[in-house]
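The values are calculated or read from the model by the stated rules, or taken from the named source; none is laboratory data. A quick note: this is a predicted structure, and the numbers were derived from the prediction, not measured. No Cβ is skipped: glycine too gets one built from the backbone with ideal geometry, and neighbour counts run over all protein chains shown. Calculation scope for accessible area: heavy atoms of the full protein, side chains included, ligands and nucleic acids excluded. Shrake-Rupley method; radii C 1.70, N 1.55, O 1.52, S 1.80 Å.
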Amino acid sequence: MHEMSIADALIRIVETEMANHGLRTVQRITIQHGALSTMVPEALDLAFEAMTRGTALEGAVLEYEKVPLSLRCSKCETTFSPEVRSLHFAPCPSCGEEFAHAVLTGKELNIAHIEGDT
Amino acid sequence: MSKAIPVIRNILDANNRLADQLRNVYAENNLLALNLMSSPGAGKTSLLERTLNDLRDELRMAVIEGDLQTDNDARRVAATGAQAVQINTEGGCHLDSSMILEALKQMDLAALDVLFIENVGNLVCPAEFDLGERAKVTLLSVTEGDDKPEKYPMMFAQSKVLLLNKIDLLPYVDFDLDRATRFARALNPEIVVFPVSCRTGEGLEPWYVWLKEAALAERR
Ligand SMILES: [Zn+2]
């Protein structure tokens, strides 16, 4: 349940951005989370809702964009996206190499954008 | 007026900035800081007891103990003579950098070579929080199943060291050391794997060698 910590950090960032851009309310917050991130959207929704009750952020909706895992083959440099379920059997589609691939995307936990009213 | 604002900020930025502060503190004190992670019961505290006892004449070591509620582990560690500072997370599933900064105030860092941070027992959450450590060390016991690296990829992907503990129980459990090692290496080719038994002491020597070399590297 580290979603409480994530919600806390998220709320602080959004409050700063609201002040910077003169927003009074926020309707939507878009979150990018990589396939390797261990954040659980339902748990974050719950934590966010509980922690924003009675604040300017009450009722804001969290929208999630999942960022797929993409790897670069350690041998032939082909870029590919394995199924996350088989993360650890990720042979390169072009040369078959299984090991030492570089993780290009999949570790993200970002706020992508905020929509609100001035 | 409705407005859409692009942000693109890492949600854990605040923690990451504090982790940078911690990194500086460790560097100034030539200190090897290790973030020790595992499921509950995998043997983190047993590993620490062994290591603190066996290397007490060679390395000056201390422990920050993260625990949900109790100070049982801290007392076991303190019994070895090493300094142990307890952090109770009161139900929190991980340690964050602000907790470590607080704990460090109670420690004489200049008198240390190695700081172990024993994270809360949990294979999921601790992996998301950078504590400024030089390396994450994950402990997996053979009673937990060799599919754990596949189920919890983040932790294994980020760890520099994987200790496979309780190998004295291998004859009694369905755990394939090669399979677990292979899983862990698939996303993290550089991970160093040590099969050990903290009960019998088997396999601990290579871990000690790694630890001493890593501590020495901090002094240069
Ligand atoms: Zn390839």
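Quick check on my filter: what residues within region B:110-127 are out of contact with any Lys or Arg (no Cβ under 9 Å at 6 or more places or on another chain) and open to solvent by 20 Å² or more (accessible area, probe 1.4 Å)?
The answer is B:Ala110, B:Asn122, B:Val124.
If a residue has to be within 19 Å of B:Leu32 (Cβ to Cβ) and either open to solvent by less than 30 Å² (accessible area, probe 1.4 Å) or at pLDDT below 85 (or both) to count, how many in region B:59-80 make the cut?
Here the count works out to 9.
As an exercise: evaluate A:Leu23 against (1) more than 16 Å from the ligand (Cβ to nearest atom); (2) facing another protein chain (nearest Cβ under 8 Å); (3) under 19 Å from the mean Cα position of the chain (by Cα); (4) hydrophobic (A, V, I, L, M, F, W, C) and give the number of the one condition it does not meet.
(3)
Restricting to region B:92-147, count the residues that are small (Gly, Ala, Ser) and touching a Ser or Thr at 6+ places or on another chain (Cβ under 8 Å).
The total comes to 6.
Please go through region A:40-66 and pick out each residue that is farther than 13 Å from A:Ile11 by Cβ and among the β-branched types (Val, Ile, Thr).
Result: A:Val40, A:Val61.
Looking only at residues that are at pLDDT below 95 and basic (Lys, Arg) in region B:17-55, which one is nearest to the chain's Cα centre (by Cα)?
Among residues in region B:17-55 that are at pLDDT below 95 and basic (Lys, Arg), the one nearest to the chain's Cα centre (by Cα) is B:Lys44.
Can you confirm whether region A:44-66 contains a residue that is in contact (Cβ under 8 Å) with a residue 40 or more places away in the chain, in contact with a Pro (Cβ under 9 Å, 6 or more places away or on another chain), within 23 Å of A:Glu108 (Cα to Cα) and of a type in the set (Gly, Ala, Ser)?
No, region A:44-66 contains no residue that is in contact (Cβ under 8 Å) with a residue 40 or more places away in the chain, in contact with a Pro (Cβ under 9 Å, 6 or more places away or on another chain), within 23 Å of A:Glu108 (Cα to Cα) and of a type in the set (Gly, Ala, Ser).
Among the candidates B:Leu95, B:Leu163, which residue alone is touching a residue at least 24 places away in the same chain (Cβ under 8 Å), within 11 Å of another protein chain (Cβ to nearest Cβ) and within 16 Å of B:Pro40 (Cα to Cα)?
Answer to the check: B:Leu95.
B:Ser97: of a type in the set (Ser, Thr, Tyr) and open to solvent by 30 Å² or more (accessible area, probe 1.4 Å), yes or no?
no
Give region A:94-118 a look and list any residue that's within 12 Å of chain B (Cβ to nearest Cβ), more than 12 Å from the chain's Cα centre (by Cα) and in a loop (DSSP other than H, G, I, E, B), or say none.
Those that are within 12 Å of chain B (Cβ to nearest Cβ), more than 12 Å from the chain's Cα centre (by Cα) and in a loop (DSSP other than H, G, I, E, B): A:Glu97, A:Glu98, A:Phe99, A:Ala100, A:His101, A:Thr118.
Here is a yes/no grid of residues against (1) under 28 Å from A:Leu23 (Cα atoms); (2) crowded, with 18+ Cβ neighbours inside 10 Å; (3) modelled with pLDDT of 95 or more; (4) within 16 Å of the ligand (Cβ to nearest atom):
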{"residue": "A:Leu36", "(1), (2), (3), (4)": "no, yes, no, no"}
{"residue": "A:Met39", "(1), (2), (3), (4)": "yes, yes, no, no"}
{"residue": "A:Ala47", "(1), (2), (3), (4)": "yes, yes, no, no"}
{"residue": "A:Leu62", "(1), (2), (3), (4)": "yes, no, yes, no"}
{"residue": "A:Glu65", "(1), (2), (3), (4)": "yes, no, yes, no"}
{"residue": "A:Arg85", "(1), (2), (3), (4)": "no, no, no, no"}
{"residue": "A:Phe89", "(1), (2), (3), (4)": "no, no, no, yes"}
{"residue": "A:Val103", "(1), (2), (3), (4)": "no, no, no, yes"}
{"residue": "A:Gly106", "(1), (2), (3), (4)": "no, yes, no, no"}
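Which one is surrounded by the fewest Cβ atoms within 10 Å (Cβ to Cβ) among residues in region B:81-92 that are farther than 21 Å from B:Asn16 by Cβ and more than 14 Å from chain A (Cβ to nearest Cβ)?
So, considering only residues that are farther than 21 Å from B:Asn16 by Cβ and more than 14 Å from chain A (Cβ to nearest Cβ), the one surrounded by the fewest Cβ atoms within 10 Å (Cβ to Cβ) is B:Gly81.
Going by the structure shown, is B:Leu169 touching a residue at least 12 places away in the same chain (Cβ under 8 Å) and crowded, with 20+ Cβ neighbours inside 10 Å?
Judged against the criteria, B:Leu169 is not a match.
Give the number of residues within region B:176-210 that are within 14 Å of chain A (Cβ to nearest Cβ) and aliphatic (A, V, I, L, M).
6
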